[in-house]
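A quick write-up on the structure given underneath.
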């Protein structure tokens, strides 16, 4: 049997974790959950995720950034999605267009909350290069 | 007929007419904010107040009917003071960041403040900041800039029949929001952008991808390819203060090239291709007893609308991708192979009159090998900004032509930009496909014009074809309800999301009146009248594409690249996967 790909979800909003978990479990992924940066770091002690989906503003305003760095230090090359409402809340937007942004923002994709389930499935499948019907 | 007096002048009006309508006809300008031409008055903003003799209060001219012998004053000191107060109060809660607002210079509120002489902050109010809604790939909302005029709500409900947004709350805490204030991305919003056109301030704008496109242009490892939609060349002029309806196709192509796009393609080419595929699909459905009437699939706002509100009619929707997506799929397959370039190194940009195209290009099914077929969509307005940013003088730039292999078009592909154009182009080619003879008179007048619903019954070689054309999703609703109720005389229906079609799309230049939209349409039909290649099936490059790559319409490669499928969506706009 094919091993399930592991996805780590880090968000301080349990509803968002539950929604994402529901969508991604149905796709056949194994889900690991963490409510903040500290919990997420602990998960990394026992699990090497194939992909991580991170919130930005959790216990600290920049928790997502620091955890993304931590993830790349421990498991370099692990794809990550920053899923955040930071632009709505602060007016500041982050993108990966410039080399400078890509150098410090250690994620592969920035997504704005809230997302539709098919958007999440598409981005996850793109980063894991899964052959799916893409919906 | 009745007469009344305004500012001492005697004015004639029809019984039941509103004061504002009668005054406008007489050339007396009354400022308005919430008023929308063609819709019943809402009387919300009170900016149009006038003084009525015998009435203790000022009356709103938009919603107060004329009466015989009434005497009104439209610019007395009392009236001017009242209007100034209204604008002053609106500004008291408005952000002070006009310099950073993308509506500056085109903002109705800013213009009113200038016109009415509101030159200082009189009322200091603590502003409650609301979060921005930047979740949608098409439209961004800044509730802080909203003045609650309700125009977006009305266009969404009364013209488009979508009702994705509405007033929420009461009094000073009222705001415009989606259901459960969840954000446009998870609402029934079809991304048409008619609300953006209706908004008097910067509260609603398109989600801009200008910086992403500039970053791609600066990346030496990427080939950046651009396509431009049929309706853009006849409306872009307005962004540069040139008369509405002026066709600047050649100058636009030259500007795109000077900006740095490696190839410039014309989406009208893939509109011709759409006709070949969609025409063949229609004939196939008629001959094999497929689902009829067939509904067009070019307009992505309409597609999300039917997925959400009429999922039982999804089998009737043509499986053809829109011209934008057909071009996108060809660029990253046929073109990449022809140029011997890895499609991963192509950035595909399209210039559209449309905000819903931004959503369409992000749809999961519009991709190959984990790459979206179209990467970024810019509206006509964003292209205007990009051209200004790059310092290109549109007056003096020399015209240029689009690139091969997707640069040639027929005028049938060009008239896709106006409501009725797809049907007209389809009938021209269907006639040829069925009879091997060209339609004797190519211009089909019954399908032209800005009317929201048009119909035509023709007989082609014994085949009875009932055709209907609707634009504006409210009109689509009416027709679809007739179909659901059992109407059987129609075989082919063209549906465009925006009233009048793409020429009036949500990505088009702001502050355009109905005359400007008419001029854009006339310009498209003038191009059709003046040029020689007027039918899609005679486009040589379309023929070559079939000969060298696609094989035949509805063939296997076409099926894979040029056709798609649709999904039922829930009230949050998300795909209902288990029902597929």
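Which of the residues belonging to region B:1-49 are at positive phi and surrounded by 14 or more Cβ atoms within 10 Å (Cβ to Cβ)? Matches in region B:1-49: B:7, B:43, B:46. Quick one: in region A:7-20, which of the residues that are more than 14 Å from every other protein chain (Cβ to nearest Cβ) and crowded, with 17+ Cβ neighbours inside 10 Å is farthest from residue A:74 (Cα to Cα)? In this case the residue turns out to be A:17. The criterion of being surrounded by fewer than 17 Cβ atoms within 10 Å (Cβ to Cβ), within 14 Å of another protein chain (Cβ to nearest Cβ) and touching a helix residue (DSSP H, G or I) at 6+ places or on another chain (Cβ under 8 Å) holds for residue B:221. Filtering region B:413-437 to residues that are at pLDDT 95 or above and outside any helix (DSSP H, G or I) leaves B:418, B:419, B:420.
Of the numbered criteria (1) away from chain A (no Cβ under 14 Å); (2) surrounded by 24 or more Cβ atoms within 10 Å (Cβ to Cβ); (3) over 16 Å from the mean Cα position of the chain (by Cα), the one residue B:195 fails is (3). Looking across region B:160-185, the residues that are within 18 Å of the chain's Cα centre (by Cα), crowded, with 22+ Cβ neighbours inside 10 Å and touching a residue at least 60 places away in the same chain (Cβ under 8 Å) come down to B:160, B:162. Screening A:32, A:67 for residues that are more than 14 Å from chain B (Cβ to nearest Cβ), surrounded by 16 or more Cβ atoms within 10 Å (Cβ to Cβ) and part of a helix (DSSP H, G or I) leaves exactly one candidate, A:67.
Here is a check on your reading of the model: is residue B:169 away from every other protein chain (no Cβ under 14 Å) and closer than 20 Å to residue B:569 by Cβ? In short, no. Of all residues in region B:114-125, at least one satisfies being away from every other protein chain (no Cβ under 14 Å), outside any helix (DSSP H, G or I), surrounded by 18 or more Cβ atoms within 10 Å (Cβ to Cβ) and touching a residue at least 12 places away in the same chain (Cβ under 8 Å). Taken as a whole, the structure places residue B:280 among residues that are over 23 Å from the mean Cα position of the chain (by Cα) and either surrounded by fewer than 21 Cβ atoms within 10 Å (Cβ to Cβ) or part of a helix (DSSP H, G or I) (or both). Filtering region B:83-113 to residues that are in contact with a strand residue (DSSP E or B) (Cβ under 8 Å, 6 or more places away or on another chain) and either part of a loop (DSSP other than H, G, I, E, B) or within 21 Å of residue B:204 (Cα to Cα) (or both) leaves B:102, B:103.
Of the residues making up region B:467-479, one or more are within 15 Å of the chain's Cα centre (by Cα), in a loop (DSSP other than H, G, I, E, B) and in contact (Cβ under 8 Å) with a residue 12 or more places away in the chain.
The set of residues in region B:148-159 being farther than 22 Å from residue B:497 by Cα and surrounded by fewer than 24 Cβ atoms within 10 Å (Cβ to Cβ) consists of B:148 alone. Selection over region B:405-459 of residues that are free of Cβ contacts under 8 Å to residues at least 40 places away in the same chain, buried (at least 24 other Cβ atoms within 10 Å of the Cβ) and over 22 Å from residue B:514 (Cβ atoms) gives a count of 0. Yes or no: residue B:132 crowded, with 18+ Cβ neighbours inside 10 Å, more than 20 Å from residue A:90 (Cβ to Cβ) and either within 14 Å of another protein chain (Cβ to nearest Cβ) or touching a residue at least 60 places away in the same chain (Cβ under 8 Å) (or both)? Answer is no for this residue.
Filtering region B:50-75 to residues that are outside any loop (DSSP other than H, G, I, E, B) and within 17 Å of residue B:8 (Cα to Cα) leaves B:50, B:51, B:52, B:71, B:72, B:73.
One line per residue, one yes/no per condition, for (1) more than 17 Å from residue A:7 (Cβ to Cβ); (2) surrounded by fewer than 17 Cβ atoms within 10 Å (Cβ to Cβ):
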position	(1), (2)
A:46	no, yes
A:77	no, yes
A:85	yes, no
A:112	yes, no
A:123	no, no
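Residues that are in contact with a strand residue (DSSP E or B) (Cβ under 8 Å, 6 or more places away or on another chain) and either away from every other protein chain (no Cβ under 14 Å) or modelled with pLDDT under 90 (or both) do occur in region A:106-128. Each residue in region B:176-187 was checked for being within 14 Å of chain A (Cβ to nearest Cβ) and in contact with a strand residue (DSSP E or B) (Cβ under 8 Å, 6 or more places away or on another chain), and 8 pass.
Please work out which residue is nearest to the other protein chains (Cβ to nearest Cβ), limiting yourself to region A:88-105 and to residues that are part of a helix (DSSP H, G or I) and more than 28 Å from residue B:577 (Cβ to Cβ).
Ranking the qualifying residues of region A:88-105, first place goes to A:89.
The values are calculated or read from the model by the stated rules, or taken from the named source; none is laboratory data. Predicted model only: the values in this text are computed from it and were never measured. FYI the Cβ positions are ideal-geometry reconstructions off the backbone, even for glycines, and counts take in every protein chain you see.
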